[in-house]
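Visitor: What follows is a single structure, and I will ask about it in a moment.
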Amino acid sequence: MSANDPSNQVILATASYDHTIKLWQAHSGICQRTFKHPESQVNAMEITPDRHLLAAAGYQHIRMYDLKTLNEDPVINYEGVSKNVTALGFQEDGKWMFTGGEDCTAKIWDLRSYNLHVSRIFQVSHPVNCACLHPNQAELFVGDQSGVIHIWDVKTEHNEQLIPEPDSSIQSIAIDPEGTYMAAVNNKGKVYVWRLSGGTGDTPIFLTPTRSLHAHNNYALKVKFSPDSTMMVTTSADHTARIWKTADFSQMTELSDSSQRWVWDVAFSADSQHVITGSSDNTARLWSVETGEIKREYSGHQKTISAIAFKDVLYQC
């Protein structure tokens with residue numbers, strides 16, 4: 001699953017309430033390294049586009065770990081945040097990072113130096129649970145605990161709002177790689193899907209409501225699209241992850257196991273044939289998308305796995 005070039009290696013990281021982050025050999029299930037994250041749980045993780053650093057969002061801080069050395073401690077620390085940082089991600093060239101947090105803001109951070117610098121702040125009225133960057137790198141979709149989805153143009157500062165279901169906390173937002181669909185899940189187990197158009201040049205993004213599904217019988221926690229845009233996965237406190245076909249948003253596969261508990265995070269493989277989940281039973285699992293079969297388990301954490309970061313490689317035949 002990896003090539004000799006380090007930039008082409010598969011990177012799988014899991015973070016836990018046990019205050020550690022583990023790096024795994026994805027194909028074998030062997031833990032290769034453990035990073036220390038003693039101050040708090042990790043709410044979200046992301047790997048930088050150049051695959052050199054792993055960013056972890058926690059309570060009142062952001063930490064960055066060097067993936068290319070044996071250093072167990074973070075190489076970049078930023079403490080100047082109030083409350084939990086709940087979401088983070090990167091502009092495709094690694095020039096800036098976005099975060100969302102319980103301080104009712106989304107922020108843009110300039111990454112051109114190791115001094116993390118906030119260049120833009122988007123203030124909302126309620127704590128932010130999630131944020132997702134449109135593939136055009138211009139609009140940030142921000143979900144808050146009151147049920148509002150904010151669409152923030154990071155260049156012009158223009159913003160609009162969507163409210164799919166009032167007073168139902170938006171837990172996660174995803175946009176497929178082609179920029180065709182946006183999905184959001186809430187704390188009532190529902191997933192809402194919009195078809196996207198525009199968003200190129202000076203053309204604004206238009207959203208057309210497409211589907212509303214009662215995807216889970218409990219809190220929905222995450223939604224992600226597959227790299228090939230043909231599937232969507234949702235996870236929940238009902239102990240399952242479910243895969244949906246984007247052709248008609250019918251359910252394709254349910255990923256469940258008797259040991260699995262709340263499924264906090266999920267990631268697709270680059271070939272869209274597998275997903276990795278992280279659960280409250282302290283275990284991450286590699287599943288076949290087609291059959292729902294568990295292909296590998298990643299065991300070693302002592303508490304809930306709260307976040308996953310996964311960078312895979314798609315080899316061209």
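Visitor: Any lysines with Cα under 23 Å of the LYS303 Cα? List them, leaving off those in the same chain fewer than 8 positions away.
Guide: The qualifying lysines are LYS22, LYS36, LYS83, LYS222, LYS295.
Visitor: Moving to a separate point now. Report the extension gain between GLU254 and ALA138 in nm, rounded to one decimal, defined as 0.36 nm multiplied by the number of residues separating them, less their alpha carbon distance.
Guide: Gain on extension, GLU254 to ALA138, equals 38.4 nm.
Visitor: Using the basic label-point model (7 angstrom from Cα toward the beta carbon), what is the THR180 to GLN32 distance in nanometres?
Guide: So the label points at THR180 and GLN32 sit 3.3 nm apart.
Visitor: Follow-up question, since we're still on this one. So how much accessible area does LEU70 have, in Å² to the nearest 10, using a 1.4 Å probe?
Guide: LEU70 has an accessible surface of roughly 150 Å² with all protein chains in place.
Visitor: What accessible area per residue comes out for the chain, rounded to a whole number of Å², with a 1.4 Å probe?
Guide: Per residue, the chain has 43 Å² of solvent-accessible surface.
Visitor: Something else about it: For LYS295 and ARG195, calculate 0.36 nm times their separation in residues minus their Cα-Cα distance, and state this gained length in nm to one decimal.
Guide: Fully extending the segment from LYS295 to ARG195 adds 32.7 nm.
Visitor: Please list CYS31, CYS104 in order of solvent-accessible area, largest first, computed with a 1.4 Å probe with all protein chains present.
Guide: Descending accessible area places them as CYS31, CYS104.
Visitor: Carbon and sulfur: what percent of segment 70-123's accessible surface (1.4 Å probe)?
Guide: Ligands and nucleic acids excluded, carbon and sulfur give 44 percent.
Visitor: What percent does the relative contact order of segment 160-280 come to when contacts are Cα pairs within less than 8 Å and at least six residues apart?
Guide: Over segment 160-280, the number comes to 18 percent.
Visitor: Taking only Cα atoms and a 10 Å spring cutoff, compute GNM fluctuations for the chain and point out the largest among LYS224, LYS68, LYS303.
Guide: Looking only at LYS224, LYS68, LYS303, the largest GNM fluctuation is found for LYS68.
Visitor: Carbon and sulfur atoms: what percent of the 1.4 Å accessible area of segment 189-269 do they account for?
Guide: Using a 1.4 Å probe with all protein chains present, segment 189-269 comes out at 48 percent carbon and sulfur.
Visitor: What do the square roots of 5 times the Cα gyration tensor eigenvalues come to for segment 159-259, in whole Å, largest first, as semi-axes of the equivalent ellipsoid?
Guide: 24, 16, 10
Visitor: Report the dimensions of segment 225-265 along its three principal axes from the alpha-carbon atoms, largest first, rounded to Å.
Guide: 31, 17, 12
Visitor: In debye, nearest 20, what is the charge dipole magnitude of segment 8-167 about its Cα centre with +1 on Lys and Arg Cβ and -1 on Asp and Glu Cβ, if you could check?
Guide: In debye, rounded to 20, segment 8-167 gives about 560.
Visitor: Looking only at Cα atoms, what is the convex hull volume of segment 62-172 per residue, in Å³?
Guide: Residue-normalised Cα hull volume stands at 111 Å³.
Visitor: Round to the nearest 10 and report in Å² the accessible area of ARG242, as given by a 1.4 Å probe over the protein chains' heavy atoms.
Guide: Approximately 40 Å² for this residue.
Visitor: If you don't mind, another one. Within segment 200-234, which residues have the backbone N less than 16 Å from the label spot 7 Å out from THR156 along Cα→beta-carbon, could you tell me?
Guide: Counting only backbone N, you get 200-207.
The values are calculated or read from the model by the stated rules, or taken from the named source; none is laboratory data. Everything quoted here is computed from the prediction, not taken from an experiment. Cβ coordinates were reconstructed from backbone atoms using ideal geometry, including for glycine residues, and neighbour counts include every protein chain displayed. Keep in mind that these areas ignore ligands, DNA and RNA; they rest on the heavy atoms of the full protein, side chains included. Shrake-Rupley method; radii C 1.70, N 1.55, O 1.52, S 1.80 Å.
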